[in-house]
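Step one of this worksheet: look at the structure below.
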Amino acid sequence: MRKKEREICDPKEMESIIDRACVCRLAMCDECAPYVVPLCFGYEKGALYFHSATEGRKLEILKKNPRVSFEMDIDWEIVRSGDHCNMRYRSVIGFGNASFVEALEDRRHSLDLIMRHYQQEPFVYPQDTLKRTAIIKVEIEEMTGKAYGY
Ligand SMILES: Cc1cc2nc3c(=O)[nH]c(=O)nc-3n(C[C@H](O)[C@H](O)[C@H](O)COP(=O)(O)OP(=O)(O)OC[C@H]3O[C@@H](n4cnc5c(N)ncnc54)[C@H](O)[C@@H]3O)c2cc1C
């Protein structure tokens, strides 16, 4: 990171950004073209979980190329003083590999993690919802954190 004083090195602090983030932006690589989608997510033990329809552009890309990057941010606020105007924030950016969760019980657990993230647990999933939902797991391999203005 170019500005070292802004770097968050404590893994617990990075996890707390993930815990408090509402949306994860998942970036993929479609041949040579980037593709990014905002998604709801859950988190457990160094992995992110996403739910999705079983079709669509992101799934087609992930089947061909599981390498992903992601970004989440919190605490953004415009701070204006004198001739300065800045956005303060806390954020994480990471990299990892995506895979599809197949076993029914693992899929249910992944959905529970997503519901937990949004304080919507407990939740009973209709059987056909479980069947019609793709679950993407991203094992985080590398992550950096940054805080500006805090
Ligand atoms: C706050 C938020 C939370 C979301 N949470 C989830 C979630 O948990 N799970 C989930 O599956 N989806 C979620 N979505 C929707 C998600 O961003 C995608 O639209 C969706 O997953 C379909 O992606 P796809 O690649 O299959 O698109 P497709 O349906 O295949 O559409 C392909 C084309 O549509 C356009 N497109 C796709 N998504 C968007 C978008 N969000 N905005 C503008 N243009 C778009 C792109 O140009 C793309 O080329 C969320 C969106 C927002 C804003």
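Only one residue in Ile61, Ile78, Ile74 is within 21 Å of Gln119 (Cβ to Cβ) and either of a type in the set (D, E, K, R) or outside any loop (DSSP other than H, G, I, E, B) (or both), so which one is that?
Result of the check over Ile61, Ile78, Ile74: Ile74.
Taking the stated definitions as given, is Ser81 at pLDDT below 95 and either exposed (fewer than 11 other Cβ atoms within 10 Å of the Cβ) or closer than 27 Å to Ala134 by Cβ (or both)?
Answer is yes for this residue.
Condition first: outside any strand (DSSP E or B), exposed (fewer than 15 other Cβ atoms within 10 Å of the Cβ) and in contact (Cβ under 8 Å) with a residue 24 or more places away in the chain. Now tell me which residues in segment 86-112 satisfy that.
Leu104, Asp106
Got a sec? Which of Ile78, Ile114, Ile140, Ile93 is among the β-branched types (Val, Ile, Thr), on the phi < 0 side of the Ramachandran plot, within 14 Å of the ligand (Cβ to nearest atom) and touching a strand residue (DSSP E or B) at 6+ places or on another chain (Cβ under 9 Å)?
From the options Ile78, Ile114, Ile140, Ile93, the qualifying one is Ile114.
How do the pairs read when you match residues in segment 53-67 that are without any contact (Cβ under 8 Å) to a residue 40 or more places away in the chain with residues anywhere that are more than 10 Å from the ligand (Cβ to nearest atom), using Cβ under 7 Å and keeping only pairs 6 or more apart or on different chains?
Asn65/Cys29; Pro66/Asn97; Pro66/Ala98; Pro66/Ser99; Arg67/Cys29; Arg67/Asn97
When only residues in segment 31-66 that are among the acidic types (Asp, Glu) and more than 9 Å from the ligand (Cβ to nearest atom) count, which is nearest to the chain's Cα centre (by Cα)?
Among those residues, the one meeting the criterion is Glu44.
Say whether the condition of being more than 17 Å from Phe95 (Cα to Cα) and more than 13 Å from the ligand (Cβ to nearest atom) is met by at least one residue in segment 22-30.
no
Tally time: how many residues in segment 114-145 are touching a residue at least 12 places away in the same chain (Cβ under 8 Å) and surrounded by 10 or more Cβ atoms within 10 Å (Cβ to Cβ)?
21
Taking only segment 1-53 into account, find how many residues are among the small types (Gly, Ala, Ser) and part of a strand (DSSP E or B).
Looking only at that region, the number is 6.
Every residue in segment 112-128 that is more than 18 Å from Glu139 (Cβ to Cβ) and not acidic (Asp, Glu), please.
Met115, Arg116, Tyr118, Gln119, Gln120, Pro122, Phe123, Val124, Tyr125, Pro126, Gln127
The values are calculated or read from the model by the stated rules, or taken from the named source; none is laboratory data. For clarity, every value in this text was computed on a predicted model and none was experimentally measured. For neighbour counting, all protein chains shown are included, and Cβ atoms are generated from backbone atoms with ideal geometry for every residue, glycine included.
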